[in-house]
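In what follows, a structure is listed as structure tokens, so that the remarks can point back to it.
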Amino acid sequence: MTTNTKTSSLVSFAFLVPAFLALAGCTQAPPPPPAIDLAAEETKIRDIETAWNKDWAAKDVEKIASHYADDATLMAPGGPAMKGIAVIHEGLKPFMADPNMKLAFTAQHVEIAKSGDVAFTQGTYTMTMSNPKTKKPETEKGTYVTVYKKAANGNWMAMEDINTPDGTH
């Protein structure tokens, strides 16, 4: 390589480095995701639980089960955990066959992750069912926790649902 070629290469290199650095400085980081409106998300979840209560009052197994994600788990006292929407759907049918079956629940607390993709409700419930021996209605009161996740379509779906009787009737 001759001196002119070396000088030309160094000059070209000297111009290219700042050009590349200038271009690199022009690239911007992606904008931050939009802020999550936690109050609006809480309202959505409370509205879901209001609709869910109406579905229980109507004894509509299809609508009740539609609030669960495909891989959800429902845990109720006295029975095994129901894992998956098909198992939950089948597990709810005997409850709906009970003429005295009534369920009402109310969230006292709704918590939504700052990420806006996971939430839980915690509250109380009252459930009336027929006593298997006497066939007379018995009412149970207790507490529950439902964990929700936001599905790809933006809807909140129950992932984990557990209730515990508090021993009062």
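The numbers here are math on the coordinates, done by the rules we state, and not lab data. None of these values were measured; they are calculated from a predicted model. Glycine gets a Cβ as well: all are built from the backbone with ideal geometry, and neighbour counts include every protein chain shown.
Numerical summary
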| item | result |
| --- | --- |
| Qualifying residue in the stretch 136-159 (condition: assigned to a loop (DSSP other than H, G, I, E, B) and touching a residue at least 40 places away in the same chain (Cβ under 8 Å)) | yes |
| Residue match in the stretch 95-110 (condition: free of Cβ contacts under 8 Å to residues at least 24 places away in the same chain, hydrophobic (A, V, I, L, M, F, W, C) and closer than 18 Å to Val61 by Cβ) | yes |
| Residues of the stretch 36-60 that turn out to be among the hydrophobic types (A, V, I, L, M, F, W, C), in a helix (DSSP H, G or I) and either crowded, with 18+ Cβ neighbours inside 10 Å or touching a residue at least 60 places away in the same chain (Cβ under 8 Å) (or both), as a count | 5 |
| Condition broken by Pro99, with the remaining ones in (1) under 22 Å from the mean Cα position of the chain (by Cα); (2) not in a strand (DSSP E or B) satisfied | (1) |
